[in-house]
Every structure is written in C-alpha cells, then in structure tokens.
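Peer 1: The structure's right below; bear with me while I get my questions together.
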Amino acid sequence: MATSDGTGTTPTSPEGEGAPRRRTKAPETRAGALMDAAERLFIDKGIAATSIDEIAAGAQVAKGTFYLYFPSKEALLGALQQRFVDTFCARLQEAMDRHRPDNYHARLKAWVETGLETYLDNVALHDVVFHEYRPEDRRMRNDNAVITQLVALLRQGDGAGFWDVEDPALTAVILFNALHGVADDSVAMGQTSAAERKRRARALTKFLEQALHPAEDDGAD
C-alpha cells in the first residue's frame, strides 16, 4: 500500500504515477549473472557459436552492461576458467581440512576422492571452458592452482618424513594428470556411477601412495 509523505499526497516514482521502481542488481550480481548465462550457453552451443548479445540477454542485462565487466568474450572465458579453478581448489581444501594436518594419508585420499567427484560432476563445464581454446592459450595452464595446492601437501608430507618426494612440483604434475586421466577414462567408458567413482578413487589413491612412499631398502649399495 502507498503511504503519504505527510503533505496529504502520495509519492510517485520519477517515471510517473504508479510506475514500478526498477530494481538494479549489485555489480557483483550482474557479473555473476553474465558468467552463469555464458556457462549455460557455452555448454549448449559452444563458445564460438555464442554471441555477446545472447549472453547479455541470458543474464537479463543490456548489451552495454556486458562491457562494463568484460572487455570481450575471451575475457569472460578467462573469468569462467578462474572461477572453475577457485571453486575446485576450495572444495579440495575443504575436504582435506576435515582431517588433521599430519594425517597425510587421509588428506591425500580426500584430495583424490573430491577431485574425481568434482571433475565428474562438472565435466561438461570443464571441457567447454578449458578445451575450446586456441593452441597459443595453452599458457593459461602453466600456473595451475590445483597443482600448486598439491605441491604444498607433498612438501608437508615430505618434510615430516611420511613421503619421499624428490621433486614436489614435478610429482604434483604427474599426480594431477593421473587424476585427470582416470576421470577422462571414466567419462569415455560411461562409468560414472557412485560405485564406480569410489572404485576408481580407491585404485588411484593406492597407486599414488605407492608412488610416494619410499621403496624398501633391499640392502643394495
């Protein structure tokens, strides 16, 4: 119900009596809406076939608003990649932090299980934002936050004498690609059920631990 302003009249909006007031989204909300719309369209149509007009329409904003947040579709793609990585890392860290800092076995197991689960739950999004890029854009993968996170875990375990890791950075690259390969094979084989995910996570965890633990001393010189 409209209320009086004390002068006996009822205030109206500047656009005319009875006109509804426009509700504007906060800047971070508009940016998020554009990214959400782009995700849906990229998955449905592909990046190249999706226009900025369509992204703006999907976010329910004017086309000009798009350029307030992203100078180009490529910049928006970069933001989507960063959001994916940030979310992925946050889930991994949350899973690992459910265990004591010195429980390296449990933390590695959590990293594997959560990494596999998160990848398989978001495989369509992952594939479109990371696989549809030009060859020169491969440099975006050189500084991988997921690998950086794993390097920290490996260094901690190595420093505590739990693992024997000569080169944590290279080892993390190997382990990350092992996870990626298991996940890709799961998708290719159509084996993504809950039971299959657990089976693959167990096998991968066992493999990684065997690779990380020092070999038994056989007494050789």
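Peer 1: Quickly run through the stretch 57-92 and pick out the residues that are surrounded by 15 or more Cβ atoms within 10 Å (Cβ to Cβ) and of a type in the set (S, T, N, Q).
Peer 2: Result: 65, 81.
Peer 1: Restricting attention to the stretch 93-119, report how many residues are buried (at least 18 other Cβ atoms within 10 Å of the Cβ) and not acidic (Asp, Glu).
Peer 2: Result for the stretch 93-119: 14.
Peer 1: Provide a single number: the residues in the stretch 154-183 that are within 17 Å of residue 207 (Cα to Cα) and part of a helix (DSSP H, G or I).
Peer 2: 17
Peer 1: Within the set of pairs 6 or more residues apart or between chains, which connect a residue that is in the same structural domain as residue 114 (by TED's automatic domain parsing) inside the stretch 73-101 to a residue that is part of a helix (DSSP H, G or I) and of a type in the set (Ser, Thr, Tyr) with Cβ atoms less than 6 Å apart?
Peer 2: Between residues of the stretch 73-101 that are in the same structural domain as residue 114 (by TED's automatic domain parsing) and residues that are part of a helix (DSSP H, G or I) and of a type in the set (Ser, Thr, Tyr), the close pairs are 88/118; 91/114; 91/118; 92/114; 95/114.
The values are calculated or read from the model by the stated rules, or taken from the named source; none is laboratory data. Computed from a prediction, not measured in an experiment: that's the story for all the values here. Glycine gets a Cβ as well: all are built from the backbone with ideal geometry, and neighbour counts include every protein chain shown.
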